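The values are calculated or read from the model by the stated rules, or taken from the named source; none is laboratory data. This one's a predicted model, so the numbers in the text were calculated from it and none came from an experiment. When we count neighbours, we look across all protein chains shown, and the Cβ atoms used for this are built from the backbone with ideal geometry, even at glycine.
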Amino acid sequence: MSSISIQQLTKTYGPFAAVSDLTLDIPDGCVFGLLGPNGAGKTTTFKCMLGMARSTSGTTLFNGAPLVPASFESIAYVPERSVLYDWMTIAEHVQMTRHAFKAFDVARCKELLALFSLNEKQRVRSLSKGMKTAVAVAIAFARRAQTLILDEPTTGLDPINQREVLNLIINEATRGTTIVFSSHQIGQVERAAERIAILARGRLILEGAVDDLKADRKIVDGILPADDTPLAAFSTDPRVARADRNGRIVRLVVIADADGVATALSAAGAQGVRILDLNLEDIFINAVAPASSTADVVEV
Amino acid sequence: MPIVMTIDPRSGVPIYLQLIEQIKRSVALGVLTAGEQLPTVKQLAVDLTINPNTVARAYRDLEKDGLIETASGRGSFVRADGATQNAQTAGSDVARDTLESAVREGKALGLDRAAVRKLFAAALDRWLPEEV
Amino acid sequence: MAYVEWLRVRNTLRAYAIVLLVLFAGALVVRVAVNSEMRGNDWESQANVAGAHIVTSKLPDGSEQTVIDTPKNGGTHVIIREDGRGGKTVSVTERGSARSGVRSMHGSFTTGNAQHELPVDLGYLLAFAAFPALIFATILGAPLSRERENHLEVVLSKPVSRASYALEVVLVDIAAIIGSIILSTIFMLASVVIFVLPTFYISDNTWWLFGLALAAPICWYAMYLGLTTWMKRGRGIVIGIAWPVAMIVPGLSLLGRGSTNGMVQVFHAVVSGLAAIDPLTYFQVTGASGHIAMQSSLNLGGLLSLPLPTRLGIIVVLALAYFAAGFIEWQQVEA
């Protein structure tokens, strides 16, 4: 069992709130994607979860219990920036991990290092950014941990290696490992994650299963008969998250019952009413960006 | 057993729905025959590089629809009994979705019922002519 | 858990050993170069030169004196004095040839048995060895602050408590410091032996000196730990500045004692405070009447005149206090 429960996590640095009142539940065996613009508080969330930064308030429970040092036997963490020792070789890092953790599969580690075309004898200072990420990933996945926390695990990697990391994540998922990862590669999150949460400016904006979000969230657009046809009803409709209007063209971001909203829009006199699917990137941008995406609306 | 499936994760259509449609197509076309074993959840997840729970959800829905059956420990299989019936139903399901989309699009473009029917008839004549 | 620290100290010890080896090689070179000058016994063989005039006498203090005069080099006058306890003095005067006027060369040479040779307290050997160990401790210095630069996520995700980890690191470093003291003791012995065979004795002071020799570098290391663990950057400045400050402060604390001037009193208080927590204050070595003494025989008063046992006690307490400070800071660090 390796579920994670984050309860009302808040972390402030002086007057600045990096994370505010965050509550997330990550079930056992789930692959959970954490999305958000830069500075949204994703890295801070990871650090507070793992006790590396002291949360101002709130708790994180692993399998219903607070984190203790021994918990780290079954938690592997890939931080956002490289924390390797420049003056040591890759092989020495492997040895360091072997000495620190009981369940470390050295053979698997060598396999993974070879997968990323890394030479064990190289000193870390001579590695590129992507190679350093690859080392951290290889070591983390060789840990055979029950929980994997990955902060941007594809930084600096070329597309082939990015796909390798994705394959590793999926493989671990088939073994029932709980994985929480943050990434700017929305395509990766779309494939691997079962559930996601979107953070912005330290707050939780959106959370849910990827499939459900895609099924529920749609764009309903149409062309109104005149510039001044009233649309007041939609701004208070709970099914509509946002309504953008550019002259006669109206675009509604719908979070539920797209069919119903489309019918209502037709009833309001709109022509050419369409329901458009949203992929995760669209959902993300619509959730995070301020309401100024009239650029998306084409001037007729 | 090898079936070729393509899913588009960047599409707005949930992946599990895409999987369901692809499997239904395969059954309808006879690529997946009655009693044939489907890839395991793990195998399909790894092959398509998607989350295994997504595959599991698709298999669960297909089982609810009566198209496949899962024997724990042995895997998932296309239902043998009523196979022809299943194949037809599967085909109808997929076709229905597409046809409905076409009708809605026509309506959205301002066509009336008669106009849409005319287009439909023309398409039928072209692609599915009456056999003499 | 302290695998990384093992690697670090292994590399540092290896470099240290190489430096000592190079220095020893240098000492060997010097030894060979002065070889001819050191054959004090040769002067005794002057007695066999034709025309040599030898006078032997016993001096009032019990030492035996031999005077040899030979016509060599326009006249050579050799005085050999042996004190019966193994100490020997040779004094040589050569008058130059008549052609270039009188050229005289005075000199005193140490012989195989050293001049002014008195047996040395064994404790001083280790005490001297402790000085380079201070430098070694400086190089190792501040491992926890080092981790803060870039590696906290690795360190804090190990399956041991923070205190446990810090303790392991510190123990590894202490072991290495002791190793460096052993290495430099060997180096010193070897460097001396090739010139002169020393004789050692053991006194009441010896064991206190041993203690101080071990404790002082460890206390120095602890000081760095206590002062810098809370720092993310700037550790290097502290490590660098500590040396000149720590060396000046003990002497400075002697100034302005008993002054009635307010500013001077403040100055004295501040400097005395610093001196009190400065490990080097208690590790003073002063020379007086040709003896190297850990105890100041110059009666400087205050902190600088404490007896050896007290010094050792203070250094141990200081070290523990600095370690405690370092550990407390370590508990608070955030990645």
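If you check every pair at least six apart or on different chains, which have Cβ atoms under 8 Å apart with a residue in region A:192-208 that is under 16 Å from A:I285 (Cβ atoms) first and a residue that is of a type in the set (K, R) and outside any strand (DSSP E or B) second? Partner pairs satisfying both residue conditions: A:L199/A:K42. Does A:G176 satisfy being within 11 Å of another protein chain (Cβ to nearest Cβ) and either within 16 Å of the chain's Cα centre (by Cα) or surrounded by 18 or more Cβ atoms within 10 Å (Cβ to Cβ) (or both)? Criteria not met by A:G176.
Total residues in region C:186-226 satisfying the condition of being farther than 30 Å from C:G326 by Cα and out of contact with any Lys or Arg (no Cβ under 7 Å at 6 or more places or on another chain): the figure is 19. Scan region C:225-261 for residues that are closer than 28 Å to C:V172 by Cβ and in contact with a Ser or Thr (Cβ under 7 Å, 6 or more places away or on another chain) and the total you get is 6.
Restricting the search to region B:91-123, which residues are more than 14 Å from chain A (Cβ to nearest Cβ), charged (D, E, K, R) and over 24 Å from B:L32 (Cα atoms)? Spell out how you get there, then give the answer.
Going residue by residue through region B:91-123, those that are more than 14 Å from chain A (Cβ to nearest Cβ) are B:91-96, B:98-99, B:113-123.
Imposing the further condition that a residue be charged (D, E, K, R) reduces the set to B:93, B:96, B:113, B:117-118.
B:R113, B:R117, B:K118, listed by residue number.
Scan region A:5-45 residue by residue and report those that are hydroxyl-bearing (S, T, Y) and more than 14 Å from chain C (Cβ to nearest Cβ).
Within region A:5-45, the subset hydroxyl-bearing (S, T, Y) is A:5, A:10, A:12-13, A:20, A:23, A:43-45.
Once the filter is applied, which keeps residues that are hydroxyl-bearing (S, T, Y) and more than 14 Å from chain C (Cβ to nearest Cβ), region A:5-45 yields A:S5, A:T10, A:S20, A:T23.
Looking across region C:231-255, the residues that are outside any helix (DSSP H, G or I), surrounded by fewer than 17 Cβ atoms within 10 Å (Cβ to Cβ) and free of Cβ contacts under 8 Å to residues at least 60 places away in the same chain come down to C:G234, C:L254, C:L255.
Could you tell me whether any residue of region A:117-134 is within 11 Å of chain C (Cβ to nearest Cβ), farther than 30 Å from A:Q7 by Cβ, in a helix (DSSP H, G or I) and among the hydroxyl-bearing types (S, T, Y)? The answer is no, given that none of the residues of region A:117-134 is within 11 Å of chain C (Cβ to nearest Cβ), farther than 30 Å from A:Q7 by Cβ, in a helix (DSSP H, G or I) and among the hydroxyl-bearing types (S, T, Y). Scan region B:56-77 and give yes if some residue there is under 14 Å from the mean Cα position of the chain (by Cα), assigned to a helix (DSSP H, G or I), facing another protein chain (nearest Cβ under 10 Å) and closer than 22 Å to A:L166 by Cβ, otherwise no. Yes, because at least one residue in region B:56-77 is under 14 Å from the mean Cα position of the chain (by Cα), assigned to a helix (DSSP H, G or I), facing another protein chain (nearest Cβ under 10 Å) and closer than 22 Å to A:L166 by Cβ.
Matching residues to (1) in contact with a Phe, Trp or Tyr (Cβ under 7 Å, 6 or more places away or on another chain); (2) aromatic (F, W, Y); (3) modelled with pLDDT of 85 or more:
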{"site": "B:I3", "(1), (2), (3)": "no, no, no"}
{"site": "B:D8", "(1), (2), (3)": "no, no, yes"}
{"site": "B:V13", "(1), (2), (3)": "no, no, yes"}
{"site": "B:Q18", "(1), (2), (3)": "no, no, yes"}
{"site": "B:S26", "(1), (2), (3)": "no, no, yes"}
{"site": "B:L29", "(1), (2), (3)": "no, no, no"}
{"site": "B:Q37", "(1), (2), (3)": "yes, no, yes"}
{"site": "B:Q43", "(1), (2), (3)": "no, no, yes"}
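Where strands (runs of 3 or more DSSP E) fall entirely within region A:186-300, those with at least 2 residues that are away from chain B (no Cβ under 12 Å) are at A:195-200, A:203-209, A:240-246, A:249-254.
For B:N86, the criteria (1) part of a helix (DSSP H, G or I); (2) at pLDDT 90 or above; (3) crowded, with 17+ Cβ neighbours inside 10 Å hold in every case but one, which is (2). Out of (1) within 14 Å of another protein chain (Cβ to nearest Cβ); (2) of a type outside the set (D, E); (3) part of a helix (DSSP H, G or I); (4) closer than 26 Å to A:D216 by Cα, what's the single condition that is false for B:K42? Going through (1) within 14 Å of another protein chain (Cβ to nearest Cβ); (2) of a type outside the set (D, E); (3) part of a helix (DSSP H, G or I); (4) closer than 26 Å to A:D216 by Cα one by one, B:K42 breaks only (4). Looking across region A:126-161, just one residue is farther than 17 Å from A:M96 by Cα and basic (K, R), and that is A:K129.
Picking from A:A192, A:A215, A:A200, which residue would you name as being under 27 Å from B:T49 (Cβ atoms), touching a helix residue (DSSP H, G or I) at 6+ places or on another chain (Cβ under 7 Å), surrounded by 15 or more Cβ atoms within 10 Å (Cβ to Cβ) and not charged (D, E, K, R)?
Working: A:A215 fails: touching a helix residue (DSSP H, G or I) at 6+ places or on another chain (Cβ under 7 Å); A:A200 fails: under 27 Å from B:T49 (Cβ atoms).
So the residue among A:A192, A:A215, A:A200 that is under 27 Å from B:T49 (Cβ atoms), touching a helix residue (DSSP H, G or I) at 6+ places or on another chain (Cβ under 7 Å), surrounded by 15 or more Cβ atoms within 10 Å (Cβ to Cβ) and not charged (D, E, K, R) is A:A192.
Select from region C:164-194 the residues that are under 23 Å from the mean Cα position of the chain (by Cα) and of a type in the set (V, I, T) and list them in ascending order.
Filtering region C:164-194 for residues under 23 Å from the mean Cα position of the chain (by Cα) gives C:173-194.
Passing the criteria: C:I174, C:I177, C:I178, C:I181, C:I182, C:T185, C:I186, C:V192, C:V193, C:I194.
In the condition set (1) away from every other protein chain (no Cβ under 14 Å); (2) buried (at least 19 other Cβ atoms within 10 Å of the Cβ), A:A114 is compliant with all but (2). Evaluating B:Y59 against the criteria (1) buried (at least 17 other Cβ atoms within 10 Å of the Cβ); (2) farther than 28 Å from A:V210 by Cα leaves one unmet condition, (2).
Being hydroxyl-bearing (S, T, Y) and either surrounded by fewer than 16 Cβ atoms within 10 Å (Cβ to Cβ) or in contact (Cβ under 8 Å) with a residue 12 or more places away in the chain (or both) is the filter here; which residues of region B:43-56 pass it? Before the answer, list the steps.
Going residue by residue through region B:43-56, those that are hydroxyl-bearing (S, T, Y) are B:49, B:54.
Listed by number, the list holds a single entry, B:T54.
Filtering B:D81, B:D61, B:D93 for residues that are out of contact with any Pro (no Cβ under 9 Å at 6 or more places or on another chain) and farther than 22 Å from B:I7 by Cα leaves a single hit, B:D81.
Residues checked against (1) more than 9 Å from every other protein chain (Cβ to nearest Cβ); (2) buried (at least 18 other Cβ atoms within 10 Å of the Cβ):
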| site | (1), (2) |
| --- | --- |
| A:K47 | no, yes |
| A:M52 | no, yes |
| A:A65 | yes, no |
| A:M88 | no, yes |
| A:A91 | yes, no |
| A:V94 | yes, yes |
| A:D105 | yes, no |
| A:R108 | yes, no |
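Where the second residue is among the hydroxyl-bearing types (S, T, Y) and in a helix (DSSP H, G or I) and the first is within 17 Å of B:I7 (Cα to Cα) and lies in region B:22-42, which pairs have Cβ atoms under 6 Å and are six or more apart or on separate chains? Partner pairs satisfying both residue conditions: B:K42/A:T174.
Whenever a residue of region C:180-204 is free of Cβ contacts under 8 Å to residues at least 40 places away in the same chain, its partners that are surrounded by 13 or more Cβ atoms within 10 Å (Cβ to Cβ) and not in a helix (DSSP H, G or I), lying with C-beta atoms within less than 6 angstrom and at least six residues away or across chains, give the pairs C:V192/C:P198. Mind listing just one residue for me: the one in region B:9-39 that is within 7 Å of chain A (Cβ to nearest Cβ) and hydroxyl-bearing (S, T, Y) and, of those, nearest to A:E281 (Cα to Cα)? Per the criteria, the residue is B:S11.
Taking into account only those residues within region A:218-243 that are touching a helix residue (DSSP H, G or I) at 6+ places or on another chain (Cβ under 6 Å) and touching a residue at least 40 places away in the same chain (Cβ under 8 Å), which is surrounded by the fewest Cβ atoms within 10 Å (Cβ to Cβ)? So that I can check it myself, show each step before the final result.
Taking region A:218-243 and keeping what is touching a helix residue (DSSP H, G or I) at 6+ places or on another chain (Cβ under 6 Å), we get A:218, A:220, A:222, A:239-240, A:243.
Restricting the remaining residues to those that are touching a residue at least 40 places away in the same chain (Cβ under 8 Å) gives A:218, A:220, A:222.
On the way: A:K218: 24, A:V220: 27, A:G222: 20.
This residue is A:G222.
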